[in-house]
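First the structure, in the form of structure tokens, and then the observations on it.
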Amino acid sequence: MADTVSQSEVEIRNANGLHMRPAMQFVDTASRFTSEIKVSNGKTEVNGKSIMHMAMLAAAAGTKLTITAKGPDSQQAIEALKDLVEVRLFDEVAWQPKEKAAE
Amino acid sequence: MKSPGSRKRKLPSEYLKMEIKKGIAVSPGIAIARSLVIDSEDYRIPKRSVLPSAKISEVKRVRDAFKKAVKELEKFSSGEEIAEGNIKDIFAVHQRFLKDKNLRKKITDLVYNELLTAEYAVSITLRDIANHFASVQDKYISERAADIYDIEKRLLRHLVGGKRDDAEHINREVVIVAHELSPTQTASFDRKFIKGLATDAGGRTSHTAIVARSLGIPAVVGLEDVTGNIAPTATVIVDGNRGVVIIDPDEPTLKEYRQHAIEFERLERELDTLRDMDAVTRDGVAIELYGNIEFPYEAEMVLDKGGQGIGLYRTEFLYLYSQTEPTEEDHYKAYSEVIRIFGNRPIIIRTMDLGADKFTQSKRFTQERNPFLGLRSIRFCLQNLVLFKTQLRAILRASVDGDVRIMFPLISSLHEVRQAKMILHDVMEDLDEDGIKYNPNMPVGIMIETPSAALTASILAGESDFFSIGTNDLIQYTLAVDRGNERVSTLYSGADPAVVNLLRSVIHDANKAKISASICGEMASEPEYIMLLLGLGFRIFSLAPPMIPEIKKLVRSVTVESCNIIARKALSMNSEREIVNYIRSAAMKVLPEVF
């Protein structure tokens, strides 16, 4: 299969942000795919398969991250990661942005 | 610090840069040997380099530590005893970190390219990451720095632990260089090969100092950063007389020190001739000199040096040596060994004094915020009766074999003495029931080492057959100074007017109650204090065995009359400085060669 590049922007929506356990889930999910996976917060780009790198992004709730996958299964990788971050919310409670909570 | 390159070029030794470090001399003698540096996972790891030729094996040490740490965590997370949920997640996260090639490479690169030790590379890398987390605004994320410290500790435990095993199995003569040595560490050293000790931390009464003196090996502590200044297996001179440590000495210095070492031994031999002479002052007052011991084998040394008995038999080693709690037989055997050597001479056994800075290997003690004011010593025993009674039973059984006396440590109230004695009587009744013999009149004494005990000595005397003053703790509690903390240890002094006044009041109360009061703390081994103590009225001293001849020589050179004058004068002084200078110069006039 030919290498393809897929990219998507995701928002951290679980209340406690991308702390240790979510970082682990992210890395575990990313590692299921052969594609190379990079994650950027606009300032730094890190290896999505390294827990050290992911944890050091220290992305709090509300942070937007760009995930780029490059490889034969890039599309599937992006979908799985987007699902983990935005739909499953790392199996945590959702984040309540302050202005929304005030409504 | 020397660059690794300069060693590789094998410069003639006189061009090697010699480094002289000043610390506190805590145990006399001169040692010249190669260094063995021991890091501790509990302290900041100092920056140290490895030789270029060692970088491959150093990288392997990093890899091995990672492998061992991963294995350890696998055991945890597969084990059923581990709680579900959170804890399991935490271990899983740590495992991911330890398997992260990016992390490992960062560390091995530091070792390989910068020639740093595995310990330092691990520490600096993980601390960088932890600092990064700690600086994050989000509180939930910033608290994750603790996880990183945990991973650091786990890796260091494998790295340092391996080295520590080396220290237990050394087969060449070394000088141990460390930040500070724990009782557990020193208990496992093979004393045949340890020629000297040099540590960053500690003061005159730190554990390292006490152990060094009792083993009779030279030691210098409070060197602040000696561990950071030393290459592995550098040649080191420890001058325990002047408190100097010399790293990579040049040829003339080495020669000079070899001469010093010979001279020192000659002086030691001369003091040994005092062994069979009485400890009596020039005006005919008999003084009793006993030895402090920790291990049974030290009893021989007390006899050798002319000690009249054991004034303090510390029993903590029984708890520190083995993984399991000592049995009654373990206790009994240890006591019998000393009785066999001492026959009918007095042996004062102090009951278990653990807690605070000393803890057992099974980590029975939970962390306390303020361990020196916490559940230690007699307080711990009174709450752990099974452990306490095991020891009391063994002491009572041994009491029929010799002149055994028992002493309770860290007494701070009358209630505690009564409680301890009540338990002792319970054990006596048990022995009666079992038909086992013991001495029902075994003297029961207490240590006076808290200000509260010193101030209520007249009350406590009613329940005690003798007092023994533990000056180390008494000074520490009176002046509120941690003797092991090098940043405040200069405030720690037996010559403080507060301490001198307490000592006077205790001996006064003891004399009035017609019971004996001895000094068994470090003060009794320090020549400068002896005249003051004699003048205050003390007649019994128990000290580190190697110091007995020196103190005896001093005793034989003074008169009680002159000591009385010194004590009276010291009691009228207002400051520690004034008293120290005064008693030091007084002692120096009597026996200049001791100083």
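The values are calculated or read from the model by the stated rules, or taken from the named source; none is laboratory data. No experiment lies behind these values; they were computed from the predicted model shown. A quick note on method: Cβ atoms are made from the backbone with ideal geometry, for glycine too, and the neighbour counts reach across all protein chains shown.
One line per residue, one yes/no per condition, for (1) among the hydroxyl-bearing types (Ser, Thr, Tyr); (2) buried (at least 22 other Cβ atoms within 10 Å of the Cβ); (3) within 9 Å of chain B (Cβ to nearest Cβ); (4) closer than 17 Å to residue A:10 by Cα:
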site: A:26; (1), (2), (3), (4): no, yes, no, yes
site: A:31; (1), (2), (3), (4): yes, no, no, no
site: A:36; (1), (2), (3), (4): no, no, no, no
site: A:50; (1), (2), (3), (4): yes, yes, yes, no
site: A:54; (1), (2), (3), (4): no, yes, no, yes
site: A:64; (1), (2), (3), (4): no, no, no, yes
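The test for being more than 10 Å from every other protein chain (Cβ to nearest Cβ), surrounded by fewer than 23 Cβ atoms within 10 Å (Cβ to Cβ) and in contact (Cβ under 8 Å) with a residue 60 or more places away in the chain does not hold for residue A:44. Among the residues of this structure, residue B:525 counts as one that is crowded, with 18+ Cβ neighbours inside 10 Å, polar (S, T, N, Q) and more than 21 Å from residue B:464 (Cβ to Cβ). Only residues that are buried (at least 21 other Cβ atoms within 10 Å of the Cβ) and in a loop (DSSP other than H, G, I, E, B) were counted in region B:295-305, giving 1. Suppose the filter is surrounded by 24 or more Cβ atoms within 10 Å (Cβ to Cβ) and modelled with pLDDT of 95 or more; does residue B:573 pass it? No; evaluated as a whole, the condition is false for this residue. Note on region A:20-103: enclosed helices (runs of 4 or more DSSP H) holding 2 or more residues that are on the phi < 0 side of the Ramachandran plot and in contact with a Phe, Trp or Tyr (Cβ under 8 Å, 6 or more places away or on another chain) are A:20-31, A:51-57, A:74-82. Within the bounds of region B:415-424, is there any residue that is in contact with a Lys or Arg (Cβ under 7 Å, 6 or more places away or on another chain) and within 14 Å of residue B:378 (Cα to Cα)? Taking every residue of region B:415-424 in turn, at least one turns out to be in contact with a Lys or Arg (Cβ under 7 Å, 6 or more places away or on another chain) and within 14 Å of residue B:378 (Cα to Cα). Just one of (1) under 23 Å from residue B:458 (Cα atoms); (2) touching a helix residue (DSSP H, G or I) at 6+ places or on another chain (Cβ under 9 Å); (3) assigned to a strand (DSSP E or B) fails for residue B:421. It is (3). Among the residues here, residue B:135 does not qualify as among the hydroxyl-bearing types (Ser, Thr, Tyr) and under 30 Å from the mean Cα position of the chain (by Cα). Taking region B:310-330 as the range and being modelled with pLDDT of 90 or more, among the β-branched types (Val, Ile, Thr) and assigned to a loop (DSSP other than H, G, I, E, B) as the test, the residues that pass are B:315, B:327.
Pairs meeting the criteria (first residue in region B:203-224 and surrounded by 24 or more Cβ atoms within 10 Å (Cβ to Cβ), second residue part of a loop (DSSP other than H, G, I, E, B) and polar (S, T, N, Q), beta carbons under 8 Å, at least 6 apart or on different chains) are B:218/B:241; B:221/B:206. Going by the conditions given, is residue B:493 in contact with a helix residue (DSSP H, G or I) (Cβ under 9 Å, 6 or more places away or on another chain), under 26 Å from residue B:345 (Cβ atoms) and in contact (Cβ under 8 Å) with a residue 12 or more places away in the chain? The answer is no for residue B:493. In region B:156-177, is there at least one residue being touching a His at 6+ places or on another chain (Cβ under 8 Å) and either at pLDDT 85 or above or surrounded by 22 or more Cβ atoms within 10 Å (Cβ to Cβ) (or both)? Within region B:156-177, none of the residues are touching a His at 6+ places or on another chain (Cβ under 8 Å) and either at pLDDT 85 or above or surrounded by 22 or more Cβ atoms within 10 Å (Cβ to Cβ) (or both).
Yes or no: residue B:542 modelled with pLDDT under 95 and of a type in the set (Ser, Thr, Tyr)? Against the criterion (modelled with pLDDT under 95 and of a type in the set (Ser, Thr, Tyr)), residue B:542 does not qualify.
Taking (1) among the β-branched types (Val, Ile, Thr); (2) surrounded by fewer than 17 Cβ atoms within 10 Å (Cβ to Cβ); (3) outside any helix (DSSP H, G or I) in turn, residue B:253 satisfies each apart from (3).
Quick one: which residue in B:441, B:511, B:501 is farther than 26 Å from residue B:27 by Cβ and in contact (Cβ under 8 Å) with a residue 40 or more places away in the chain? Of B:441, B:511, B:501, the one residue that is farther than 26 Å from residue B:27 by Cβ and in contact (Cβ under 8 Å) with a residue 40 or more places away in the chain is B:501.
Residue B:408 fulfils the conditions (1) surrounded by 15 or more Cβ atoms within 10 Å (Cβ to Cβ); (2) at pLDDT 95 or above; (3) over 21 Å from the mean Cα position of the chain (by Cα) except for a single criterion, (3). Of the helices (runs of 4 or more DSSP H) contained entirely in region B:93-155, those carrying at least 1 residues that are touching a residue at least 12 places away in the same chain (Cβ under 8 Å) and within 13 Å of another protein chain (Cβ to nearest Cβ) fall at B:101-114, B:118-134. In a residue-by-residue description of region B:398-408, the property of being in a strand (DSSP E or B), more than 19 Å from residue B:521 (Cα to Cα) and either assigned by TED's automatic domain parsing to the domain that holds residue B:330 or touching a Ser or Thr at 6+ places or on another chain (Cβ under 8 Å) (or both) applies to at least one position. So how many residues does region B:529-557 have that are touching a Phe, Trp or Tyr at 6+ places or on another chain (Cβ under 8 Å) and not polar (S, T, N, Q)? The qualifying residues number 6.
Beta carbons closer than 9 Å, at least 6 apart along the sequence or on distinct chains, pair a first residue in region B:265-276 that is outside the structural domain of residue B:305 (by TED's automatic domain parsing) with a second that is at pLDDT below 85 and part of a helix (DSSP H, G or I) for B:267/B:593; B:268/B:546. When region A:1-24 is filtered for residues that are more than 13 Å from every other protein chain (Cβ to nearest Cβ) and not basic (Lys, Arg), the ones remaining, listed by number, are A:1, A:2, A:3, A:4, A:5, A:6, A:7, A:8, A:9, A:10, A:11.
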